[in-house]
Amino acid sequence: MKIKKINHVAIICSDYEKSKHFYVNILGFDIIQETLRKERNSYKLDLQVGNSDRIELFSFPSPPKRLTQPEACGLRHLAFEVDNIQEVVDYLKSQNIEVENIRIDEITGKLFTFFPDPDGLPLEIYES
């Protein structure tokens, strides 16, 4: 068996329109397809990130909240690679998004920081 790549990352949001605006208009991801699943009272939004990565954004009525921040067991965070971290931090702050202080990865020496999506999911930007 050989796994070729990650096909997509799935995110469940609590407010579909707010999260759609965040991922499409603020982060700049392209919409591949938007599907209303009437029987589930749910949307599925397929987003293109970069050249080959995808995010599936789901909405469900009353999804449970994330119990703790990144140190909980399970998926810790989602990281996006950027060319200029300070430029991205400045942009995010201009959109009224709270961004943590920039840190240096002690193993790679690269710059990184975190910011939340509308539901508090920890997202990371990592300078290439």
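The values are calculated or read from the model by the stated rules, or taken from the named source; none is laboratory data. Owing to the predicted nature of the structure, the values given are computational and were not obtained by experimental measurement. Counting neighbours? That spans all protein chains shown, and the Cβs are built from the backbone with ideal geometry, glycine included.
For E87, indicate whether it is at pLDDT 95 or above, surrounded by 13 or more Cβ atoms within 10 Å (Cβ to Cβ) and among the acidic types (D, E).
For E87, the condition - at pLDDT 95 or above, surrounded by 13 or more Cβ atoms within 10 Å (Cβ to Cβ) and among the acidic types (D, E) - is not met.
Contact map, region 36-50: first residue modelled with pLDDT of 90 or more, second residue crowded, with 16+ Cβ neighbours inside 10 Å and aliphatic (A, V, I, L, M), Cβ cut-off under 7 Å, separation 6 or more or different chains; pairs are L45/L57; L47/I55; L47/L57; V49/I55.
Kindly indicate whether P63 is touching a Ser or Thr at 6+ places or on another chain (Cβ under 7 Å) and at pLDDT below 95.
yes
Give region 5-31 a look and list any residue that's farther than 18 Å from D53 by Cβ and of a type in the set (F, W, Y), or say none. Selection gives Y16 alone.
Report, ordered by the first and then the second residue, all pairs with beta carbons closer than 8 Å, sequence separation of six or more or different chains, a first member in region 1-13 that is not assigned by TED's automatic domain parsing to the domain that holds D117, and a second member that is aromatic (F, W, Y) and in a loop (DSSP other than H, G, I, E, B). Short answer, once both residue conditions are applied: I12/F60. Of all the residues in region 90-128, those that are touching a helix residue (DSSP H, G or I) at 6+ places or on another chain (Cβ under 7 Å), under 24 Å from K18 (Cα atoms) and outside any loop (DSSP other than H, G, I, E, B) number 3.
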